[in-house]
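First up is the structure itself, then whatever we jot down about it.
The numbers here are math on the coordinates, done by the rules we state, and not lab data. From a predicted model like this one, the values you see are computed outputs, not experimental measurements. Counting neighbours? That spans all protein chains shown, and the Cβs are built from the backbone with ideal geometry, glycine included.
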Amino acid sequence: MDTYGYPELGWIDAEMTELQRQSLRRRLVDRRGPQGTDIVLGDRRVVNFGSNDYLNLAADPRLAHAAIEAARREGVGSGASPLICGHSQSHADLERALAEFEGTEAALVFPSGFAANLGTIAALVGPGDVVLADRKCHASLLDGCRLSRADVRVFPHNDVGNLDALLGKTARARRHLVVTDSLFSMDGDLAPLPDLVDLCGQHGAMLLVDEAHATGVFGEQGRGVAEHAGVEGRVSVRIGTMSKALGCAGGFVAGSQLLIDWLVNRARPYVFSTAMPAPVAAAARTALDIVRAEPEPRRRLLDQAESLRRRLADRGWKVGGSVSQIIPVVVGDAARAVALATRLLEQGLFVPAVRPPTVPRGEACLRISLTAGHDEATIERLLAALGG
């Protein structure tokens, strides 16, 4: 491999060869045109089952219009961190709208969901504390746990009994924080939030729930799994993102005013990052309005997902414990997952192969992401291509 005059990077060549051998090497492919149910990847037009644009809003002209108007008023770049002079009127409007949407005292916007998770966890716990995370938490949550310098304990996926035992064993710690996704991004299953809030109440632990893949999709008002499960008021810290069902970018934390004030002062990715562009904040504000005013797309999406899971299972495919718009077709071996994804791509269907380290070894899968833009004819085409 050509190291462009940096021989000290020569070790990368052998590592990349090994990734290739294990069918784990990734490559960038350019997308041309807008995000949507039909996209152009490289030089091929395909049906898109790979995005997290669950409500099909990423290319909605109403969001584009809001972004354009905000760019005219406030420019594009934020120019500074929010605590200096980067917090625009669009950011303030979005945070008020998020707090109203979530039914909380306040909300805080971060440049990304990853930054929100990193910053919030490290602001809440540190040396002398214990943070307990579900094994299948998103990488941003697990990285936030490690960066906090707290004592990190990982419990088996959705194993409330094991978590209870760990909380008991670490009872002398200064503070406890339990961390989980609400909707797990690869398996498509839900955290047992009612059990978790009960357990955290018994042990005096804080509970942080990342609603990234559930915001806009689950709950009568689209607030996520905590609303769906009826436990919103018992979750200490709720985190979400604008980059999935809301079709934009950025993360947010919703909670008490006390929590938000603390994060403004102690969440390093917030304090030391340039604020997200104001046009993105304005577009996200419009997306919230759409979610509140138009419940039918999320209801239809979950109905379609239930139907697709059933039909896949009837054909002999393993779909795990999915109960959502995220449907893994579990094949186990990474090479087999790549081969299956390649075969589908040749038929004009983009369904990404998910491999380690995104999922544990032996759990490679095709990750089907349904969106409100997929119609029945498109779903039938996918089923026919998969066979079974």
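From the P(r) of the chain, could you give the percentage of C-alpha pairs in the tail past 25 Å?
Result for the distance tail: 59 percent.
I'd like the distance between the alpha-carbon centres of segment 49-72 and segment 249-289, rounded to an integer number of Å.
18 Å
Take segment 90-142, compute every pairwise Cα distance, and split them into 5 Å bins from 0; I just need the percent in each bin.
Result returned by the calculation: 4, 17, 19, 21, 18, 13, 6, 1.
In debye, nearest 20, what is the charge dipole magnitude of the chain about its Cα centre with +1 on Lys and Arg Cβ and -1 on Asp and Glu Cβ, if you could check? If you can, show how the numbers build up before the last one.
Details: 43 positive and 46 negative charges, 124 e Å.
So the dipole magnitude of the chain works out to roughly 600 debye.
Find the relative contact order for the chain and round it to a whole percent, using C-alpha pairs within less than 8 Å whose residues are 6+ positions apart.
22 percent
Which one of GLY75, GLY86, VAL109 is farthest out on the positive end of the charge dipole of segment 5-134, using unit charges on Cβ (Lys, Arg +1; Asp, Glu -1) and the Cα centre as origin?
Checking the options against the dipole of segment 5-134, the answer is GLY75.
At 25 °C and a viscosity of 0.890 mPa s, what translational diffusion coefficient does Stokes-Einstein give for segment 190-280, taking Rh as the Kirkwood radius over Cα pairs? Give it in µm²/s as a whole number. Display every interim value, and only then the final one.
Details: Rh = 14.2 Å.
Stokes-Einstein gives a translational diffusion coefficient of 172 µm²/s.
Give the dimensionless ratio obtained when the Cα radius of gyration of segment 135-250 is divided by 2.2 N^0.38 Å.
1.04
Return the inverse of the average 1/r over all pairs of distinct C-alpha atoms in segment 1-121, which is the Kirkwood hydrodynamic radius, in Å to one decimal.
Kirkwood hydrodynamic radius for segment 1-121: 19.1 Å.
Considering every Cα-Cα pair within segment 315-388, what fraction, in whole percent, is farther apart than 16 Å?
48 percent
By its C-alpha gyration tensor, with a ≥ b ≥ c as the square roots of the eigenvalues, how is segment 257-364 shaped: rounded for a/c under 1.5, else prolate for a/b larger than b/c, else oblate?
prolate
So what is the calculated 222 nm ellipticity per residue for the chain, using -39500 (n - 2.57) for each DSSP H run with n of 4 or more, over all residues, to the nearest 500 deg cm²/dmol?
So the calculated ellipticity at 222 nm is -12500 deg cm²/dmol.
So how long is each side of segment 32-85 along the principal axes, counting just the alpha-carbon atoms, biggest first, in Å?
43, 22, 21
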